[in-house]
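Here the structure comes first, spelled out in structure tokens, and everything after it is commentary.
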Amino acid sequence: MSPTTPDVVNVPRALSPSRASDFQQCPLLFRLRSIDKLPTAPSSAATRGTVVHAALEGLYDLPALERTLDAANALIEPAWQAVIAKDPEVAVVAEEEGLTVWLEKARDLVGTYFAMEDPQRLEPTGRELFVQTTLDSGLILRGFIDRLDVSPAGDIRIVDYKTGKSPNPRFQDKALFQMRFYGLVLWRNDGVLPRQLKLLFLGDGRPVIDEPSADVLTATQNKIVAIWNDIEDRLKTGVFEPKTSKLCDWCDFQSICPAFGGEPPLFPTINVGSPQS
């Protein structure tokens, strides 16, 4: 891909956990995804994750006693059809494995979920819940929570489904950053400290659980502010350098990455504005 003439790009003064994680992983990745908004090829793993998430969300539309494994598995095919109806090109992700095998792997992940939780005993307060808060600096924090549970006593649990394998304990803080981000948003909005953050890794059936303190969430806010300040400085200079790691092997942008001999598009003129910009 050759450089193009830069246009004016409106960059909202807002961060989500995924975009903050992109920046920490590689500033250039953040730029190409969030500023240049370059398309990426559909991923088999990510698409399967979308299908599994949709099935688990739909499962809680059913009455409690009907939330069986068979019922959840029956939701996989409609979820897949909804995905390809929205974007027919995504169908290519199942072609190499064969659709039957691909869908069966999605059902295996749902089966692992049932080994980790009993959905008949849960009544989520929210699913695919959009949350947002504004820091004193004007920075908007926003994102979608997979599931929010609130106990009769008012205890809050934030739950996220991951279709990959659980991280090495040394890297759990990286995995928990997203959950602490959501915990911070709810805490700022409602003044209630979440009791539990729960990541369900369906790839190996292992949960990662955290009980965040006020100090931990305050530190998370400070980290988010530092990330945004770094981003804002780079928006003025246009310098978003690549940061190489093992994850580069799966990056869609290798061909235009300077670390691999490529050249990114010319940096556009930036206007930092409201979240809607």
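Give the calculated FRET efficiency between Ala64 and Asn229 to the nearest 0.05, with a Förster radius of 51 Å applied to their Cβ-Cβ distance. After rounding to 0.05, the efficiency reads 0.65. For the chain, a Gaussian network of Cα nodes joined below 10 Å ranks Asn168, Asn222, Asn189 by mean-square fluctuation, and the top entry is Asn168. In the elastic network of the chain, a GNM with C-alpha springs shorter than 10 Å, the most mobile of Arg121, Arg48, Arg142 is Arg121. Ordered by the number of other Cβ atoms lying within 10 Å of each residue's own Cβ, fewest first, Cys257, Cys26, Cys248 fall into the sequence Cys248, Cys257, Cys26.
Entry note, the range 18-113: relative contact order of 30 percent, from Cα contacts under 8 Å with a spacing of 6+ residues. Within the listed set Pro207, Pro194, Pro169, the residue fluctuating most in the Gaussian network model of the chain (springs between alpha-carbon atoms under 10 angstrom) is Pro169. Once both labels are positioned 7 Å from their Cα atoms along Cα-to-Cβ, the gap between Thr40 and Ala214 label points is 3.7 nm.
Full extension of the chain between Leu99 and Thr237 yields a length gain of 45.0 nm, computed as 0.36 nm times the residue separation minus the alpha carbon distance.
Among the lysines, which fall within straight-line cross-link reach of Lys105, defined as a Cα-Cα distance under 28 Å, with same-chain neighbours fewer than 8 residues apart omitted? The qualifying lysines are Lys86, Lys162, Lys165, Lys174, Lys198, Lys246. In this Cβ point-charge picture (+1 for Lys and Arg, -1 for Asp and Glu), the range 126-212 has a dipole of about 260 debye about its Cα centre. Of the residues Gln178, Gly203, Val150, the one whose Cα sits farthest toward the positive end of the charge dipole of the range 126-212, with +1 on the Cβ of Lys and Arg and -1 on the Cβ of Asp and Glu, is Gly203. Compared with the alpha-carbon gap, the fully stretched path from Asp249 to Ala115 is longer by 45.0 nm at 0.36 nm per residue.
What the Cα atoms of the chain give is an Rg and a Dmax of 20.0, 58 Å. Cβ-Cβ distance of Thr269 and Arg188, R₀ of 35 Å, FRET efficiency by 1/(1 + (r/R0)^6): the value works out to about 0.60. Among Tyr113, Tyr182, the order by Cβ neighbours within 10 angstrom, fewest to most, reads Tyr113, Tyr182. Taking 0.36 nm per residue of sequence separation and removing the Cα-Cα distance, the Asn10/Lys174 pair yields an extension gain of 56.2 nm. Within the range 1-126, the ratio Rg/Rh, alpha carbon atoms throughout and Rh by Kirkwood, equals 1.07. Show which aspartates and glutamates lie in cross-link reach of Lys243 when reach means a straight Cα distance below 12 angstrom and same-chain residues fewer than eight apart are skipped. Qualifying aspartates and glutamates at Cα under 12 Å: Asp22. Using only side-chain charges placed at the Cβ, +1 for Lys and Arg and -1 for Asp and Glu, the dipole size of the chain relative to its Cα centre rounds to 680 debye. Most simply put, the chain has about 55% antiparallel DSSP beta bridges, counting only bridges with both residues inside it.
Rounded to the nearest Hz, the phi-derived 3J(HN,Hα) couplings of the range 27-34 under the Karplus curve 6.51 cos²θ - 1.76 cosθ + 1.60 (θ = phi - 60°) are x, 5, 4, 4, 4, 5, 7, 9, where x marks glycine and proline. Taking other C-beta atoms within 10 Å as the exposure proxy, Val192, Val185 rank Val192, Val185 from fewest upward.
No value in this document is a laboratory result; all are computed from the given coordinates. Keep in mind it's a predicted model, so treat the numbers as computed, not measured. Positions of Cβ are backbone-derived with ideal geometry, glycine not excepted, and every protein chain shown enters the neighbour counts.
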